[in-house]
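One structure below.
The values are calculated or read from the model by the stated rules, or taken from the named source; none is laboratory data. Nothing here was measured: the structure is a model prediction, and the numbers come from that model. Cβ atoms come from the backbone with ideal geometry, glycine included; neighbour counts cover every protein chain shown. Accessible surface is based on the protein model in full, side chains and every heavy atom, while ligands, DNA and RNA are left aside. Shrake-Rupley method; radii C 1.70, N 1.55, O 1.52, S 1.80 Å.
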Amino acid sequence: MLTVSECKDRIELEIAKVPLSEKSPVELYEPINYILQLGGKRIRPVLTLLACNLFSEDIENAMNPALAIEIFHNFTLLHDDIMDHAEMRRNHATVHTKWNENIAIISGDAMNIIAYQYLCNTSPEIIPELLSVFSKTALEICEGQQLDMNFETRNDVSILEYSTMIKLKTAVLLATSLKIGAICAKAPQKDKEKLYDFGLNLGMAFQIQDDLLDTFGNQDEFGKSIGGDILARKKTFLYLKALELSNPNQKSQLYQLYSEKFISKEKLIQNVIAIYKELELLKISQNTVEEYTQKAMVALNSIDASKESLLILQHLALNIMNRKV
Ligand code: IPE
Ligand code: IPE
Ligand code: MG
Ligand code: MG
Ligand code: MG
């Protein structure tokens, strides 16, 4: 059984081989190389390899699909950073800030296509299933991203709507990363579905943790500007839970702050965080992350695989729950 760090090393080796440096026009390929070489946790392709390895010693079949998922994920980041007006990612300038928005759009488009090329460079008999699962997820991510944008200007978003939004923009990709690993190993259908369910719950925990770190994280560790979600008036888990738990005075302050047009960035972030602290939202969000992680564990433990191999995924889930990065 491969460990998480062995999987990550294999992924890094293969990403370094993606042929980009000699291609032209450089304006298209250089930003792709830049974002792929900036690192990142590589969680999704690691999940693919580990899921494959649950059912098969041979993970070669899963390597290109795993790369496809990582390239696709990085494509979504390029476009997401334009949409969210984010200037920093992985402790470096975002592509649209370093170059410009048009470059981030077209380089992102190219990455989407390259992702499909990698996805289809595997055993021919599994390609139809991979394409069907992957395209469904890709479209769901667009739906989630659009909901995320719609919510910025709405002030009646429920936690249920939020849950649907993060399931679509984030959780389905973690779920699909695992399912694709299982498809590559020709695992039984019921185990593919259980892995998907594990990934969905893990993905929910992952996005709530991301929301939490966006406000309470350490910028150097997290690699993104702290308070970015507040500046973009995102309806994050923290914001929605704050509205639910606040007294009338705190609630009107929150509404007021999110509709302020002329307040300084620092003051806006500071004042929103002050209310979150009064309401102990850090602890409350951590509890919700833990609940989703527990649900993920139940799905994981119902899979018919060796205890030892399942333990590696359990550990990974716990690390995701406690991550600062
Ligand atoms: C960021 O994903 C986008 C979200 C879904 C929150 P990651 O946190 O996996 O980013 P990298 O790839 O490790 O940088
Ligand atoms: C990201 O959500 C979801 C996708 C990229 C599809 P966020 O907007 O919260 O991700 P970060 O925080 O910018 O990484
Ligand atoms: Mg973003
Ligand atoms: Mg976003
Ligand atoms: Mg975020």
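Numbers at a glance
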{"item": "Peptides ranked, highest mean first, by Cβ atoms within 10 Å: ranges 117-128, 261-272", "result": "117-128, 261-272"}
{"item": "Stretchable slack from residue 28 to residue 220, in nm (0.36 nm times residue separation minus alpha-carbon distance)", "result": "66.2 nm"}
{"item": "Angle between the chain longest axis and helix 248-259 axis [Cα atoms, degrees, rounded to 10]", "result": "70"}
{"item": "Pairs of alpha carbons in the stretch 194-325 whose separation is greater than 26 Å (percent)", "result": "32"}
{"item": "5 angstrom amide H check on residue 89, placed H, neighbours 5+ away", "result": "94"}
{"item": "Qualifying aspartates and glutamates (Cα of each under 15 Å from Cα of residue 234; at least 8 residues distant if same chain)", "result": "80, 81, 84, 148, 152, 156, 161, 210, 211, 214, 260"}
{"item": "Relative packing of 53-66, 306-319, which averages over residues the other C-beta atoms within 10 Å, highest first", "result": "53-66, 306-319"}
{"item": "Nitroxide proxy distance, nm - points 7 Å out along Cα→Cβ at residue 290 and residue 131", "result": "4.7"}
{"item": "Only Lys, Arg (+1) and Asp, Glu (-1) charged, at Cβ; the stretch 1-87 dipole about Cα centre in debye", "result": "160"}
{"item": "Accessible area expressed per residue, the chain, with surrounding protein chains retained (probe 1.4 Å, Å²)", "result": "45"}
{"item": "Cβ-placed point charges (K, R +1; D, E -1), dipole of the chain about Cα centre in debye, nearest 20", "result": "520"}
{"item": "Coordinate range along principal axes, alpha carbons of the stretch 68-207, Å, largest first", "result": "43, 36, 24"}
{"item": "Area projected by the alpha carbon convex hull of the chain, averaged over all directions, nm²", "result": "15.9"}
{"item": "Computed label-point distance, nm, for sites residue 105 and residue 91 using a 7 Å Cα→Cβ extension", "result": "3.3"}
{"item": "Largest to smallest accessible area among 191, 229 [probe 1.4 Å]", "result": "229, 191"}
{"item": "Structure-based [θ]222 nm, the chain - -39500 (n - 2.57) summed over DSSP H runs of at least 4, per residue, nearest 500", "result": "-23500 deg cm²/dmol"}
